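Each value in this text was obtained by applying a stated rule to the coordinates, not by laboratory testing. Computed from a predicted model, the values in this text were never measured in an experiment. Cβ sites come from the backbone with ideal geometry, for glycine too, and all protein chains shown count toward neighbours.
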Amino acid sequence: MSDSQELLVESRGHVRLLTLNRPQRANALSASLSRQIVEAFIDAGEDSEIRAIVLTATGIRAFSAGADLKEIAAADARGEQYRPPTARAERTLYEVVYQTYKPSIAALNGVALGGGFELALACDIRLAAPTVWLGFPEAKVGMGAPFGSVVLSRHLPPAVALAMLFTGDPMDASQAERWGLVNRVVAPERLLDEALQLAARIAANAPLSVRRMKETALKTLDLPVPAGLRLDVGPNPYLTEDRKEGARAFAEGRPPHFEGR
């Protein structure tokens, strides 16, 4: 399979759909696929027509099994130096996804382990099929889950997060829904449609308002409330033409037409 086929990219109106397409390798994150995902998120962030991103994968077995260990083992056998993810010159895949200011939804069609789980955690919203398992098996294979080690305890009580990290034991979809790791468990045949419909609902709203909300919510997580209230990040929606359009549309009893300005 050529690099160009590892990630399928499609636009559905104001929604960009990205599909991991290495089902024969459980959608493992090869170096080339990781680069393509980075470029796709950067491109979606820069495209003024795109207002939300949906990330899913081909098949029913796996969203992503994480790092491509066969690729890594082959590089080790060739004597190539391995650089940990956070010791490289460029931002990691997970940083790029997490820091993309447009809303992102992970539609988890199968297991999400290791780097695949990190990729899901980097998205804002997660929908999952009932058969999904989420986990970090890194301790079982001598790796580290740097992104997951930072963000998992932001979603789970620390003791629960640490138990997952220390043991490598996965969590099933129903448990993940109870803990809030996934927003909703959805039947497999409805998963992508539900994700796209949710993305379309988000995309119908004022994009600068949504951007402001995302940036404010994420950048104030560790701030005291008074400091968070005064943090000025992203565009100010109150000074936009979309704010005027929203008021006009309400007064005229029609749907608003937002232009992101």
From the Cα centre of the range 191-230 to that of the range 117-178, the distance in Å is 22
So the FRET efficiency between residue 227 and residue 197, C-beta based with R0 = 45 Å and rounded to 0.05, is 0.80
Simple SL model, points at 7 angstrom along Cα→Cβ for residue 159 and residue 178; separation in nm is 1.5
Amide H contacts under 5 Å for residue 104, restricted to residues at least 5 apart in sequence or on another chain and with H modeled in the peptide plane, are 53, 124, 125
Protection proxy (average C-beta count within 10 Å per residue), highest first, orders 206-212, 74-80, 122-128 as 122-128, 206-212, 74-80
Across all Cα atoms of the range 160-244, Rg and the largest Cα-Cα distance (Dmax), in Å, are 17.9, 53
Per-residue Cβ contact counts at 10 Å, fewest first, order 113, 121, 156 as 156, 121, 113
The extension gain from residue 43 to residue 187, computed as 0.36 nm times the residue separation minus the Cα-Cα distance, is 48.8 nm
Between residue 186 and residues 5 or more places away or on another chain, the pairs with built amide H atoms under 5 Å apart involve 128, 129
Among (1) 0.93; (2) 1.08; (3) 0.99, the entry matching Rg/Rh (Cα atoms, Kirkwood Rh) as calculated here is (3)
Of every Cα-Cα pair in the range 25-86, the percentage lying beyond 21 Å is 39
Taking 214, 244 and counting other beta carbon atoms within 10 angstrom, the fewest-first order is 244, 214
